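Participant: Mind having a look at this structure? Questions to follow.
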Amino acid sequence: MSDLRIRAAGPSDVTAVLAFWRTAAEGTSISDDRAGVDRLVARDPDALLLAERDGVLVGTVIAGFDGWRCHLYRLAVSPDARRQGIGSALLAAAEERFAALGGRRGDAMVLDRNERAHHAWRAAGYAPEPQWSRWVKPLTDD
């Protein structure tokens, strides 16, 4: 894994990240557009972590901290690079970020139908909390 580089995304990475998510991420989000990712990178420049191998994007995770909770989104690894420790390395980097910011617990958004992800999250030490449900309200007509 020594050839893996993890770094924060910058504005010039947004187009590549969006293209990567179309092939590597499960499902879509209302924020999976240029404006949404630009806003994320501008507001919290260290939140979107990229894993690169030989300059090629092979993984992402969003490690957002709002001062209260540590949230993980968009953990995605290129289909041809899975089961090589990339997801684990991204989660370790996210958890280091959280610890440095004073975070106490990470939570992850994981699709119920994404069984492959369930195995990966469990292997990383995360577990679902069945007493909680996600409640949402769209704030735009998009």
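The values are calculated or read from the model by the stated rules, or taken from the named source; none is laboratory data. Computed from a prediction, not measured in an experiment: that's the story for all the values here. Don't worry about glycine lacking a Cβ; one is built from the backbone with ideal geometry, like all the others, and counts go over all protein chains shown. The accessibility values were calculated without ligands, DNA or RNA, using every heavy atom of the protein model including side chains. Shrake-Rupley method; radii C 1.70, N 1.55, O 1.52, S 1.80 Å.
Participant: Tell me the carbon and sulfur percent of the accessible area for the chain, rounded to whole percent, probe radius 1.4 Å.
Facilitator: In the chain, the share of accessible area belonging to carbon and sulfur is 52 percent.
Participant: Could you state the number of Å between the C-alpha centres of the range 88-115 and the range 1-52?
Facilitator: Using only Cα atoms, the two centres lie 15 Å from each other.
Participant: How much net charge surrounds A8 when only the other residues with a Cβ under 10 Å from the Cβ of A8 are counted, with Lys and Arg +1 and Asp and Glu -1?
Facilitator: -1
Participant: Relative contact order of the range 25-142: what whole-number percent is it, with Cα pairs under 8 angstrom and at least 6 residues apart?
Facilitator: 20 percent.
Participant: Pick the calculated Cα Rg over 2.2 N^0.38 Å for this structure from (i) 1.12; (ii) 1.36; (iii) 1.01?
Facilitator: (iii)
Participant: List the trypsin sites (Lys or Arg not before Pro) in the range 74-125 that DSSP assigns to loop (not H, G, I, E or B) and whose Cβ has at most 10 other Cβ atoms within 10 Å. Which are they?
Facilitator: Passing sites in the range 74-125 are R83, R104, R105, R113.
Participant: Where in the range 39-142 are there chymotrypsin sites (Phe, Trp or Tyr not before Pro) that are in a DSSP coil and have at most 14 other Cβ atoms within 10 angstrom of their Cβ?
Facilitator: When the chymotrypsin sites (Phe, Trp or Tyr not before Pro) of the range 39-142 are filtered for loop state and at most 14 Cβ neighbours within 10 Å, W68, W132, W135 remain.
Participant: Next question. Let me check I've understood the local charge: for E26, count other residues with C-beta under 13 angstrom from its C-beta, Lys and Arg +1, Asp and Glu -1. What total comes out?
Facilitator: So the surrounding residues net to +2.
Participant: On to the next question. Could you size up the charge dipole of the chain around its Cα centre, putting +1 on the beta carbon of Lys and Arg and -1 on that of Asp and Glu, and report it in debye to the nearest 20?
Facilitator: 280
Participant: On a 1.4 Å probe surface of the protein chains, which of S31, S12, S88, S78 comes out largest in accessible area, and what is the full order?
Facilitator: S12, S88, S31, S78
Participant: On to the next question. Provide the per residue accessible area, probe 1.4 Å, for the chain, rounded to a whole number of square angstrom. Walk me through the intermediate numbers first.
Facilitator: Working: 9450 Å² over 142 residues.
On a per-residue basis, 67 Å².
Participant: Can you find, among L90, A35, L49, the residue farthest towards the positive end of the dipole of the range 35-142? Put +1 on the C-beta of Lys and Arg, -1 on that of Asp and Glu.
Facilitator: The Cα lying farthest towards the positive end belongs to L90.
Participant: Would you be so kind as to identify which of W135, M109, W121 lies farthest towards the positive end of the dipole of the chain, taking Lys and Arg as +1 and Asp and Glu as -1 on Cβ and the Cα centre as origin?
Facilitator: Ranked along the dipole, the leading option is W121.
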